[in-house]
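Just so you know, all these numbers are worked out from the coordinates, no wet-lab data involved. Note that the structure is a prediction, hence the values are computed from the model and not measured. As a convention, Cβ positions derive from the backbone with ideal geometry for all residues, glycine included, and neighbour counts pool all protein chains shown.
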Amino acid sequence: MSQHIVSSYDRDLESIQALVLRMGGLVEASILDAAQSMDTRDLELAADVRRRDKAIDELEIKINEASATCIALRAPVSKDLRTVLTVMKIAGSLERIGDYSKNMAKRTNVLAEQRLLDGQTATLRRMAREVQGMLKDALDAFIQRDAELAEQVRLRDQDIDQMYNTAFREFLTFMMEDPRNITPCMHLHFIAKNIERMGDLVTNIAEQVVYLVTGDLPEDPRPKMDTTSLSTKV
């Protein structure tokens, strides 16, 4: 393969990875803005988050199209092929995280009409900030090809699960104390579960980075601390 072709190939890969970083930046902003709109009942910001989801979806399409073209024209092998496949998987996870952010923003309109519960939206906002931080580190690990950082992100998902468990039990307590809390708590629980799932998707990204760097997915089971399905009492 000539140097000219190699250089062109490298530019293709760099272009695809740049699209991933752009997409990741939009998703990070979406997470934080959706959480802020929920916490402050900012309907205009919530509407903006929903509108911006289209740009995230369009970037996933561009990434998949560019990746497919790269595979068809360049026939990458070994680590280069892993790079292209990893990019496509990361883009898919980012798109789903964006969807969860959009869903959170949609709930803002409903929550604005409900009674306020002291501290509960702030708790969910903290969860969202933690997920956003995990995502930033996962994308940094991708660019730096840092498997150790990716593994640290993977382990941090249990912190999100613990925060979710705490919120879940608090919602149950509020609902038992006053039936008027049932509707707002149900909406808040839905949001909390969405954020917990965002954490799972960020963990997927981290695992893909480990695969990219080492050629193998992590062998040990992913630590999970979501015990709400086992809960029988508050």
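Before moving on, here are some points about what is shown:
- For region 118-191, a simple Cβ point-charge model (Lys and Arg +1, Asp and Glu -1, everything else neutral) yields a dipole of about 200 debye relative to the Cα centre.
- Counting neighbouring Cβ atoms within 10 Å and putting the fewest first, the residues F142, F168, F174, F190 line up as F190, F174, F168, F142.
- Fully extended contour minus Cα-Cα distance, from A72 to L116, at 0.36 nm per residue: 10.4 nm
- Positive-end ranking of Q152, M134, N109 along the dipole of the chain, with charges on Cβ about the Cα centre, is headed by N109.
- Computed across region 19-118, the Kirkwood radius stands at 14.7 Å (inverse of mean 1/r, all Cα pairs).
- Charge context of A147, other residues only, Cβ under 11 angstrom, K/R +1, D/E -1: -3
- Charge tally for L19 (other residues, Cβ to Cβ under 12 Å; Lys, Arg +1; Asp, Glu -1): -3.
- Taken about its Cα centre, the chain carries a charge dipole of roughly 460 debye when the Cβ of each Lys and Arg holds +1 and the Cβ of each Asp and Glu holds -1.
- Sum of -39500 (n - 2.57) over DSSP H runs of 4+, divided by residues of the chain (222 nm, nearest 500): -30000 deg cm²/dmol
- Eligible aspartates and glutamates near K62 by straight Cα distance, threshold 16 Å, same-chain separation 8 or greater: D12, E14, D53, E95
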